[in-house]
Amino acid sequence: MAAAPAAVPVTHPGPGAPSLAQAGSTCVPGHAEGIQMSEGIPTPPGHAPSTGTLRALTLMIDFPDVRGEGSARERFAEFFPATADWYATSSYGALDYRAETPVKGWLRMPRPFSSYGIERGAGYEPGYRRLIEDLARTADDRIDFGRYELINVLVTPNAGPPAAETVLSVSFTGIADAPEADGVPLNRISFIYSRQNDGSPGAAANAYRVLPHENAHSLGLPDLYTDDGGGNKAGHWDLMSEDWGPGNDFLGWHKRKLGWLDDDRHVECANGSGHSRHTIRPLGERDAGGNGRGNGGTDGYEQAVADEEGGGHEEAVGYEADGAGGADAGNGRTRPGDPAAGRTADTSDRNAPAAAVSPSHSRRTGPTRQTRQTKLVYVPVTDSTGYAIEVRTRSGNDEAVCKPGVLVYWVDTRVETGRGPVEVRDSTPASGGCTRLPNVAAELTDAPFGVGEHYRDARTGVTVEVTGREPDGAHRITVTRP
């Protein structure tokens, strides 16, 4: 007879967790008051749209003391179409990301790079405010800023240290008194520096992923890495935890938050006492006929780049634009998993009653059993905390899943960005993980639970048991709540 799977004990699943899960807790934990970027649903107004068409103004800039390295076209091509393709895949086609470059060459800033005081962790004041004001004044007669939902500023890669030594890339979202241009506040803006390439295998091909990470802040997602710079709470399971290393995707919770998983079709909530049974499909795979609100593709993507190979400069009044130059950015070494920084997150009693299971906040007639394509199960513990459950495989944007299976993680909407609002539960604690790929927090790579394994939180009384696997990769689980 096979041995019973060993439970993984957890002594404290999250700040302020109750002794036992509270029956009837909400399936839709809201945005926590006083939190800058909460994991709550829905994301508050003021962020860029995460479904439909997103127009991203993309500018390549240089400075009198740090002139453009290579052409502006080459700098643009480091990030596009890869960024748009990444979002098309992650959103199942729900987000049509269009990068537009009305200024074709390097846009020369009127002040030296050294005058802005840009360094790792630099705040908005005073340097970035001054840089945004200069950018708006320099480009305003050639750009209608009101056409765009966010702004990408691709800084010449020789400005500042190599990213493998110090990461400068940063985003600012929701600044109340941000500079304005064409009647709109410039308060959803990402600055990208250097290249996230430390010379390790695959680093160059995946260096673009710093931009999808930064853009996600404008969409309302928090950082999942912690203030000490590590991805030790969520590992490589979300781009907001680690954007170095091999390709990865968003967690299902983030896809739900962004509107890419439909609550009626893709999300189930287990908020009643007893057992509930669920079949979860792999997160990275598209549904037949499209996912949720997806539009099925990214037709219309515009790659507006310079016509000439050499690029050229757009001049600021009073400054001469010389030819492109500067030394190549050096490649150093970085700690594995060092992310971009400086941004503005017992087997159960078979006779127990069946638990209540419901779509999370349906207002419509729910889908039939045949049309439901569950990709996320949420087990609320309180009105602000709970467990999210999904199936991860090597599909979609996930390139390096070495142990496919059921991923279980704790979500706390009261925890601030950069403080660990999401914590992945490890099926094999202290194993060292199942990958040796560079720039990956290895310990959590084998976190998913397989058939016959289960997770039990003795503090809250929540158990997740993996009971089977379908030929198509879907996994069957049983959730038990007190």
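The values are calculated or read from the model by the stated rules, or taken from the named source; none is laboratory data. It should be emphasised that the depicted structure is a prediction, and the values quoted were computed from it without experimental measurement. Please note: Cβ atoms are built from the backbone with ideal geometry, for glycine as well, and neighbour counts cover all protein chains shown.
So which helices (runs of 4 or more DSSP H) are wholly in segment 188-291 and hold at least 1 residues that are small (Gly, Ala, Ser) and under 29 Å from TYR124 (Cα atoms)?
In segment 188-291, 210-219 are the helices (runs of 4 or more DSSP H) which contain 1 or more residues that are small (Gly, Ala, Ser) and under 29 Å from TYR124 (Cα atoms).
Hey, can you tell me all the residues within segment 46-74 that are of a type in the set (Ser, Thr, Tyr) and surrounded by 20 or more Cβ atoms within 10 Å (Cβ to Cβ)?
SER50, THR58, SER71
Can you work out which of the residues in segment 66-116 that are of a type in the set (D, E, K, R) and in a loop (DSSP other than H, G, I, E, B) is modelled with the lowest pLDDT?
Ranking the candidates gives LYS104 first.
In segment 87-127, how many are among the aromatic types (Phe, Trp, Tyr), surrounded by 22 or more Cβ atoms within 10 Å (Cβ to Cβ) and over 17 Å from LEU258 (Cα atoms)?
Matching residues across segment 87-127 total 1.
Restricting segment 437-482 to residues that are basic (Lys, Arg) and touching a strand residue (DSSP E or B) at 6+ places or on another chain (Cβ under 9 Å), which is nearest to PRO404 (Cα to Cα)?
Residue satisfying both the conditions and the ranking: ARG469.
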